[in-house]
Amino acid sequence: MRKIFAALVVSTALAGAAQAATVYPLDRATILSGSPFDFKVEFNSVVKPEDVKITVNGQDYKTVLGKEVQFVAEEKNKDKILGSAVILRGLTIATAGDYKVEISAGSETKTVTWNVYGTGSAPKAKNIIFMLGDGLSVAHRTAARIMSKGMTEGKANGRLAMDDLDHMAFVGTSATNAVDTDSANTMSAYMTGHKTAVNAIGVYADRTPDSLDDPKVETIAEALRRQTGKSIGIVATSEIEDATPAAVVSHTRNRNDKADVVGMLLGVKPDVVLGGGSAYFLPQATAGSKRKDDKDYVKLFKDAGYTLATDKNELAAGANANGLLLGLFHPGNMDVTLDREFLKKGTVEKYPNQPGLVAMTKVALDRLSKDQDGFFLMVEGSSIDKMSHPLDWDRAVIETIEFDQAIAVAREFQKTHPDTLIVVTGDHTHGVSIIGTVDDDKPGTEMREKVGTYAEAGFPNYKDENGDGYPDKIDVSRRLFLAATNGPDHYETFRPKMDGPFVPAIQNEKKEYVANEQYKNVPGAVFVQGNLPKSSDSGVHSVDDVVLQSSGPGSEGFKGYMEESDIYKVLADTFALGTKQTN
């Protein structure tokens with residue numbers, strides 16, 4: 001009883017104690033030497049400027065950092081006073097080492113340690129091709145290999161292009177504020193070396209309501225512009241303003257600030273930008289625009305020297321030209337491969353000439369390889385994730401095959417350009433596994449009884465008789481059965497969705513997501529009760545590590561378990577971003 005009473009006393013004392021101040025960058029942050037970042041301290045009460053004490057490695061911070069912070073007497077969210085703050089924009093630390101930062105003001109204290117790291121003085125590689133399958137999980141890769149190459153007596157009949165990348169690592173994906181994560185902060189960690197919060201890109205997520213004033217960290221595109229003469233390319237099948245491509249250049253607490261991301265793209269001026277999302281380039285008076293102002297970014301990009309391509313014919317026509325290239329092939333996300341190339345579903349009838357990821361990757365490499373200083377190219381297979389959320393596994397796997405074919409293009413380029421590092425990874429995973437097959441030839445009408453596991457599974461009977469790397473049909477009689485660990489209420493049909501992407505759940509009058517009865521009467525369909533809150537319309541990401549594979553100079557830096565922020569350190573060292581390479 002005495003121990004319980006003592007614990008209660010300690011607990012009560014802690015509850016009444018002042019909450020510690022918050023410091024950005026966070027404790028254990030890794031910072032490239034010479035790379036600009038914003039330093040901020042948020043106090044939980046209103047303090048006086050003379051009470052704020054900041055030391056770095058035991059010395060007054062001005063002695064070490066060479067700049068003085070700006071004091072903010074009161075930060076507010078609407079009418080609520082959040083406390084005082086200090087901020088220092090554009091700070092750089094030139095000397096590598098550990099920096100212990102101690103802050104106090106009244107009863108509030110905080111200590112963090114930053115690791116400032118340098119790089120080699122000479123680049124290990126001339127080019128980096130960073131290829132990200134959004135949501136790429138092990139099951140996606142396995143299914144893509146079986147669908148594309150086939151399997152006989154338990155052995156794959158062929159290999160994916162990604163299978164032979166020879167250096168590997170497992171990568172942790174969690175955000176600074178949650179164990180489960182999204183594409184914004186995950187890609188931001190890859191592209192800046194700083195982990196951040198869900199929905200944040202290129203910033204530490206602070207407490208102020210303005211999504212564009214949070215403490216910034218330098219992106220890889222900005223570092224390349226600052227330190228090198230290399231070209232920059234961004235290729236995606238999503239909106240080009242979406243989280244993954246945006247993270248190459250952008251700074252925002254809210255990944256939905258897509259109109260602002262367009263301006264940030266123009267500010268950095270990547271040499272090649274290819275993807276969807278034209279709606280955010282158009283002034284609000286233009287039909288289909290998603291902007292809330294009159295800025296015409298198509299014109300602004302053209303004025304900045306960009307050639308515009310709007311379909312695969314225009315892309316092919318400009319493939320070998322010089323100069324800056326902007327390709328906008330859809331107002332939103334581009335149609336997925338299964339619909340674009342085979343079923344002609346989705347919005348393909350309206351936008352029939354969308355290029356695929358392979359064609360865009362080839363054009364980007366042709367353009368960027370003309371730069372004698374080298375290049376950094378980011379290629380995203382965006383819709384592996386976008387089709388996994390609605391549990392449309394066949395479309396997600398076909399997207400994985402397309403992504404792998406783009407990897408094959410990169411590997412062919414590497415053969416003639418051995419000074420190229422290729423990195424292939426995902427930003428996060430999905431809770432999906434292959435558990436066997438569905439065999440239509442089994443007797444009975446109940447589809448769940450047609451599911452085969454263990455020895456009953458056998459092997460699927462996909463064929464690729466035309467040799468294009470895709471199965472000739474996905475609705476074969478014995479096909480892979482992929483199942484999710486999570487999702488909303490929905491009807492499992494045990495069949496590919498041939499009429500268009502799967503919509504598992506729709507909102508009812510209570511604003512809750514319920515099973516979409518469009519699939520209720522599909523013969524043999526089974527109602528599956530969801531295990532997510534009824535506010536969820538689709539499956540969610542999983543916390544599983546992602547697999548990273550790489551090949552080329554610098555790839556030896558990828559090994560064992562790494563955080564996503566560690567990946568940037570290898571990229572920075574491969575390009576020697578700690579050393580100025582231009583006059």
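With all protein chains in place and ligands, DNA and RNA left out, the 1.4 Å accessible area ranks Thr337, Thr208 as Thr208, Thr337, largest first.
Only protein heavy atoms count here; under a 1.4 Å probe, Thr119 has an accessible surface of about 30 Å².
Please tell me which of these pairs span more than 32 angstrom C-alpha to C-alpha: Lys48/Lys295; Lys345/Lys534; Lys350/Lys520; Lys362/Lys580; Lys40/Lys258; Lys124/Lys295? Cα-Cα > 32 Å for Lys48/Lys295; Lys124/Lys295; rest within. Using the Cβ of Asp206 as centre and a radius below 12 Å, the other residues enclosed give a net charge of -2, where K and R count +1 and D and E count -1.
When the helices of the chain are scored as -39500 (n - 2.57) per DSSP H run of n ≥ 4 and the total is divided over every residue, the value at 222 nm lands at -6500 deg cm²/dmol. The local environment of Gly431, defined by Cβ-Cβ distances under 14 Å, has a net charge of -4 under the rule Lys, Arg +1 and Asp, Glu -1. Annotation: amide H of Gly539 within the under-5 Å range of Leu391, sequence separation 5 or more or interchain, hydrogens built in the peptide plane. The Cα center of the stretch 333-391 and the Cα center of the stretch 401-467 differ in position by 18 Å.
Scanning residues 5 or more positions from Phe481 or on other chains, those with amide H under 5 Å from its amide H are Ile435, Gly436, Thr437, Val438, with H placed 1.01 Å from N in the peptide plane. The HN-Hα couplings worked out from phi for the stretch 72-82 by the Karplus form 6.51 cos²θ - 1.76 cosθ + 1.60 (θ = phi - 60°) are 10, 5, 9, 9, 10, 10, 6, 9, 8, 7, 8 Hz, whole numbers, x standing for Gly and Pro.
Straightening the chain between Lys580 and Asp60 buys 184.3 nm, computed as 0.36 nm per residue apart minus the Cα-Cα spacing. Which net charge results for the neighbourhood of Gly530, defined as the other residues with beta-carbon distances under 11 angstrom from its beta-carbon, given Lys and Arg at +1 and Asp and Glu at -1? Local charge sum for Gly530: -2. Accessible-area rank, largest first, for Phe37, Phe527: Phe527, Phe37, with all protein chains present and a 1.4 angstrom probe. Rolling a 1.4 Å probe over the protein chains gives Tyr519 an accessible area of about 20 Å². Simple point charges give the picture: +1 on the Cβ of Lys and Arg, -1 on the Cβ of Asp and Glu, and for the chain a dipole about the Cα centre of about 780 debye.
Per-residue accessible area (protein heavy atoms, 1.4 Å probe) orders Thr22, Thr437, Thr63 as Thr63, Thr22, Thr437, starting from the largest.
Computed from the C-beta positions of Asp51 and Ala178, the FRET efficiency with R₀ = 41 Å rounds to 0.80. Going through [x] 76, 61, 46; [y] 80, 73, 52; [z] 81, 54, 42, the figure that equals Cα extents along the principal axes in Å as computed for the structure here is [y]. A simple packing score, the average count of other Cβ atoms within 10 Å per residue, orders the peptides 371-384, 538-551 as 371-384, 538-551, with the highest score first. Spin-label pair Asp499-Glu449: with each label point 7 Å from Cα along the Cα-Cβ axis, the two points sit 2.6 nm from one another. List the residues, sorted by chain then number, that are 5 or more residues from Gly500 or on another chain and whose placed amide H is less than 5 Å from its amide H. Long-range HN contacts for Gly500: none found. Backbone phi angles across the stretch 511-523, fed through the Karplus curve with coefficients 6.51, -1.76 and 1.60 (θ = phi - 60°), yield HN-Hα couplings of 6, 9, 8, 10, 4, 6, 6, 4, 9, 4, 9, 5, x Hz in residue order; Gly and Pro are listed as x. A simple spin-label model places pseudo-atoms 7 Å from Cα toward Cβ; at Asn466 and Glu153 they are separated by 3.2 nm.
The values are calculated or read from the model by the stated rules, or taken from the named source; none is laboratory data. Worth saying up front: this structure is predicted, and the values here are computed from it rather than measured. All Cβ positions, glycine included, derive from the backbone under ideal geometry; neighbour counts span all protein chains shown. When the accessible area is computed, the model is the full protein with side chains, heavy atoms only, and any ligands, DNA or RNA have been set aside. Shrake-Rupley method; radii C 1.70, N 1.55, O 1.52, S 1.80 Å.
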